[in-house]
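Undergrad: What follows is a structure written as structure tokens; I'll ask about it next.
No lab work stands behind these numbers, since they all come straight from the coordinates. This structure is a prediction, so every number in the text was calculated from the model and none was measured. All Cβ positions, even for glycine, are placed from backbone atoms using ideal geometry, and neighbour counts span all protein chains on display.
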Amino acid sequence: MSDQFPVHKTDAEWRKELTPEQYRILREAGTERPFTGEYTDLDKSGVYRCAACGAKLFTSESKFHSGCGWPAFDQAVSDGSVIERRDLSHGMIRTEVLCANCGSHLGHVFNDGPAATTGLRYCINSLALRFEQKKTED
């Protein structure tokens, strides 16, 4: 990844901070197996942050059950929190989703999400995320 992102570290620094599987997904654009991620079926209120740099990416309000095997969201937390770029890997034409803060690979976005909202499905690897549960008010 280049220095175009606010957070940039060497491969050695990323390898030290991330688990080997997180490094494979976040820094090498890997994908976790479907239906194996800890956030796929999570229904708690809160914010999903980048597992690499901690930037806010998605909220529980935008999460929905898509049946695809990965956490799915219909929108990012704000404009500019993620970057989308064309991905021609594996003989497919897709749109890759990256953290705008550190450039880490998060997953892909598709145009088959809920028609009642954005029509988008951000299909994101659980290992690319860190969930921060909303504090309950007494």
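Undergrad: I'm trying to understand the selection: among the residues of region 81-98, which are assigned to a strand (DSSP E or B), farther than 19 Å from P34 by Cβ and among the β-branched types (V, I, T)?
TA: Correct list: V82, I83.
Undergrad: In addition: Applying the selection to region 100-129, what residues are touching a Phe, Trp or Tyr at 6+ places or on another chain (Cβ under 8 Å) and farther than 20 Å from T40 by Cα?
TA: A100, N101, C102, G103
Undergrad: Also, I was wondering about something else. In the set C68, C53, which member is hydrophobic (A, V, I, L, M, F, W, C), in contact (Cβ under 8 Å) with a residue 40 or more places away in the chain, over 21 Å from T19 (Cα atoms) and in contact with a Cys (Cβ under 6 Å, 6 or more places away or on another chain)? Working first, answer last.
TA: Working: C53 fails: over 21 Å from T19 (Cα atoms).
Sole residue among the options that is hydrophobic (A, V, I, L, M, F, W, C), in contact (Cβ under 8 Å) with a residue 40 or more places away in the chain, over 21 Å from T19 (Cα atoms) and in contact with a Cys (Cβ under 6 Å, 6 or more places away or on another chain): C68.
Undergrad: Another one. Out of S78, S66, report the one residue that is part of a loop (DSSP other than H, G, I, E, B) and more than 14 Å from the chain's Cα centre (by Cα).
TA: Exactly one of S78, S66 is part of a loop (DSSP other than H, G, I, E, B) and more than 14 Å from the chain's Cα centre (by Cα), namely S66.
Undergrad: Tell me yes or no: at least one residue of region 75-82 is in contact with a Gly (Cβ under 8 Å, 6 or more places away or on another chain), exposed (fewer than 12 other Cβ atoms within 10 Å of the Cβ) and over 20 Å from D112 (Cα atoms).
TA: no
Undergrad: Of everything in region 109-135, what is among the hydroxyl-bearing types (S, T, Y) and more than 16 Å from E61 (Cβ to Cβ)? Give them in sequence order.
TA: Here is the first cut: in region 109-135, the residues among the hydroxyl-bearing types (S, T, Y) are 117-118, 122, 126.
The answer is S126, and nothing else.
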